[in-house]
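Report on the structure given below.
The values are calculated or read from the model by the stated rules, or taken from the named source; none is laboratory data. Everything quoted here is computed from the prediction, not taken from an experiment. Note that each Cβ is placed from the backbone with ideal geometry, even for glycine, and that neighbours are counted across all protein chains shown. Each accessible area value is taken on the protein alone, full model and side chains, heavy atoms only, with ligands, DNA and RNA left out. Shrake-Rupley method; radii C 1.70, N 1.55, O 1.52, S 1.80 Å.
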Amino acid sequence: MIRRPPRSTPKPSSAASDVYKRQVERLTMALALNDVMEKKSSLDFKNQAFINGNYINSVTGKTFESISPVDGSIITSVSECDVEDINIAVKAARDVFEKGSWSRMAPSKRKKILFNFADLMKKNILELGLLETLNMGKPITRATGDIAACINCTKWYAEAIDKLYDDVAPTSDNLIATITKEPLGVVGAVTPWNFPLLMACWKFAPALATGNSFILKPAEQSPLSALRVAELAMEAGIPEGVFNVVPGYGPTAGKALGTHMDVDKLGFTGSTEVGRYFLSYAGESNMKRVSLECGGKSPNIIFADAPDLDHAAKMAADGMFGNSGQVCDAPSRLLLQKSIKDEFLEKVVSYSQPWMPGNPFDPNTLMGSIVDKTQTERIMNYIDKGKSEGANVITGGDQVLQDSGGYYVSPTVFKDVQNSMTVAKEEIFGPVLCAIDFENEDEALQIANDTHYGLNAMIWSNDLNKVHKLAKRIKSGKVLINSLSDGDMSLPHGGYKQSGSGRDKSLEALGQYTQTKLTLIEVK
C-alpha cells in the first residue's frame, strides 16, 4: 500500500511562476486529491517486457522491484531483460521493418495512426501521470503536464510526416538525380528517469514518424509509463514489432542494445559518464549512429540592468527547483553581478519557499520527491561537500519528510560559491542552486564557459548589444535571453561539449532517424 506523506507544502502563492500557477489552476479544476487517490487505487501495472506486440516475461524469468520514492514502498516487480531479450526484440523490430508494414506505409496512413496514438495518451493522461508520480515522485500536476507534452510531441511529428519533401538535384538534361530520406531501420533508445515518458517521446515520435522500428530501454527506476504506452501504441494501429519496451539495467540490457550488430541507431539521454559508454559500444560493434543528450551545469547570468529583477529571481527559483532539480539543463549556476547580489539572493530565497516538498498526489504540490535513496544520498553528499569547501547555505540543505518513508530534499541555495568548487563543477541533479559573483560581462563569460558542459545558458539584461555578443560567445546549445521558456516543439534541444551531440525536438530531430540516398538515372 502506498502511504501518503504528510502534506506540508503551502498552496501556490505569488512566488510560484505564472506558468506553474496556470498549470495547477487548470488541472485542479478537473482534479481533486480524492479523485487522484481513487484512480491510483485502480491502477493495473504492466510489468512485463513488451516485445512484438505482447507482454512477456524475460527469458531468465528475473525481475527487479519498482520502488516508489513517494514513501519507499514496492509498487510491483518488473521483468529484468538481458542480452537474449534484446536479441528477440531486435529480431522482431528488424523483421517488421523489412516487411514494410510500417516502414513503407503511406505517409498519410502513418500520420493518422500517430494521431490515434496521441489521442489514446490523452484519454489515459491521468493513468500515465500517476504511473510517473508513483515511479519517481513527480507531483501529479507536473506529471500529467509532462504527458500532455508527450501528446503534443507525437502530434507535432505526425503532422510533419506529409509536409516534408525530397529533392531533385540540378543536373544535365540526360541525368535525373533524386535525393531522398529513408528510415534507418532499427532504432534503440535508452532514456532517463527524470522525465520518463517525455524523454522517450522525444525519440520515439520522430523515429516512428520517419518509418523506423523502435526499441526502448527505460530507466530501471521508472519503467511503468513506458510499458503502458507500448500497449497504447499497438491499440492505435502501430504494427506488432514496431514499438518494443525492454526494461532492465544499463550494464546489461542497455549495453546489449548499444553493442547489438543489427541496431542501426542508438539515442541516449542521461549522464555524460554513461554517454561515453554508448560511443564506445558503437565503435566496438557496427558503428551505429549515436545521438547523446547528456549532463549540464548551466549558467544563469543576472546583470544589474536586467529588465525585472523580481521576475528574474522567480524564474531562477522555478527553473532550479522544478522537478526537484532533476533536470539536465536546470540553471544550477546562478551568476550574479556583485552590485545586486544580496538583493537578488533575498528574492530567490523568498521564491524558493513554495517549492518545499509535499505530497506528490496532491494537485497543489509543486515539488515532490527525489527519485530514490541513492540519488538522495548523492545530493546530500554534495551539500556537505559544498559546506566543507567554504560555500554557505542560505536556505534549505536538509532532507525532509523522512517520516513518510520517501525521499525529499528541501530547495537549497548556496552563496559564496567559487566556480572551482565541486558543487559548481559537477552535476548534482537535485534542488541545489549555487550563486557565484562576477564584476563585468567578460568575467561572466569566462565563468559561464568554464565547464565541461554546454547544454543551456540564460542571460538577463536590457542591453541588446551586450546580450547579443555574449550569446554568440557562450558555448552552449541553447541561450535564452530574459526568458526561461524553450518548450515549444519547433525549438531544437541539445548541447555542446560533453553535454552531447545531436538534437531532440524540432525538424532537426527527424534527421537523426533518417539517412540520405542519392539515386542517379542516366537517360538517352
Query raised in the report: Taking A89, is it in contact (Cβ under 8 Å) with a residue 12 or more places away in the chain and either touching a strand residue (DSSP E or B) at 6+ places or on another chain (Cβ under 9 Å) or not hydroxyl-bearing (S, T, Y) (or both)?
Result: yes
Query raised in the report: Of all the residues that make up the range 385-411, how many are open to solvent by 40 Å² or more (accessible area, probe 1.4 Å), more than 14 Å from A435 (Cβ to Cβ) and touching a Gly at 6+ places or on another chain (Cβ under 9 Å)?
Result: 2
Report task. Kindly indicate whether any position in the range 341-363 is hydrophobic (A, V, I, L, M, F, W, C), within 30 Å of G145 (Cα to Cα) and either part of a strand (DSSP E or B) or open to solvent by 40 Å² or more (accessible area, probe 1.4 Å) (or both). Result -> yes
Query raised in the report: Could you say which residue among S271, S280 is over 28 Å from N57 (Cα atoms), touching a Gly at 6+ places or on another chain (Cβ under 9 Å) and free of Cβ contacts under 8 Å to residues at least 12 places away in the same chain?
Result: S280
Report task. Of the numbered conditions (1) of a type outside the set (G, A, S); (2) in a loop (DSSP other than H, G, I, E, B); (3) touching a residue at least 24 places away in the same chain (Cβ under 8 Å); (4) open to solvent by 60 Å² or more (accessible area, probe 1.4 Å), M489 fails exactly one; give the number of that condition. Result -> (4)
Requested in this report: Evaluate the following for S280: is it of a type in the set (S, T, Y), at pLDDT 95 or above and more than 30 Å from G185 (Cβ to Cβ)?
Outcome: no
Requested in this report: Could you please let me know if S172 is buried (at least 17 other Cβ atoms within 10 Å of the Cβ) and of a type in the set (G, A, S)?
Outcome: no
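Would you check which residues across the range 77-123 are assigned to a strand (DSSP E or B) and either surrounded by fewer than 18 Cβ atoms within 10 Å (Cβ to Cβ) or of a type in the set (D, E) (or both) and list them?
Matches in the range 77-123: S77 only.
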Requested in this report: Among the numbered conditions (1) under 16 Å from V242 (Cβ atoms); (2) open to solvent by less than 50 Å² (accessible area, probe 1.4 Å); (3) more than 18 Å from the chain's Cα centre (by Cα), tell me where T154 comes up short.
Outcome: (3)
Requested in this report: State yes or no: is F414 under 20 Å from M315 (Cβ atoms), aromatic (F, W, Y) and surrounded by 18 or more Cβ atoms within 10 Å (Cβ to Cβ)?
Outcome: yes
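State the number of residues belonging to the range 417-439 that are open to solvent by 10 Å² or more (accessible area, probe 1.4 Å), touching a residue at least 60 places away in the same chain (Cβ under 8 Å) and either among the β-branched types (V, I, T) or outside any helix (DSSP H, G or I) (or both).
Taking the range 417-439 first, the residues open to solvent by 10 Å² or more (accessible area, probe 1.4 Å) are 418-422, 425-427, 429, 437, 439.
From what's left, touching a residue at least 60 places away in the same chain (Cβ under 8 Å): 419, 425-427, 429, 437, 439.
Then keep just the ones that are either among the β-branched types (V, I, T) or outside any helix (DSSP H, G or I) (or both); that gives 419, 426-427, 429, 437, 439.
Qualifying residue count for the region: 6.
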Requested in this report: Being touching a residue at least 12 places away in the same chain (Cβ under 8 Å) and out of contact with any strand residue (DSSP E or B) (no Cβ under 9 Å at 6 or more places or on another chain) is the filter; apply it to the range 470-486 and report the residue that is least open to solvent (accessible area, probe 1.4 Å).
Outcome: S485
Requested in this report: May I ask you to verify whether I179 is open to solvent by 10 Å² or more (accessible area, probe 1.4 Å), out of contact with any Cys (no Cβ under 9 Å at 6 or more places or on another chain) and outside any helix (DSSP H, G or I)?
Outcome: yes
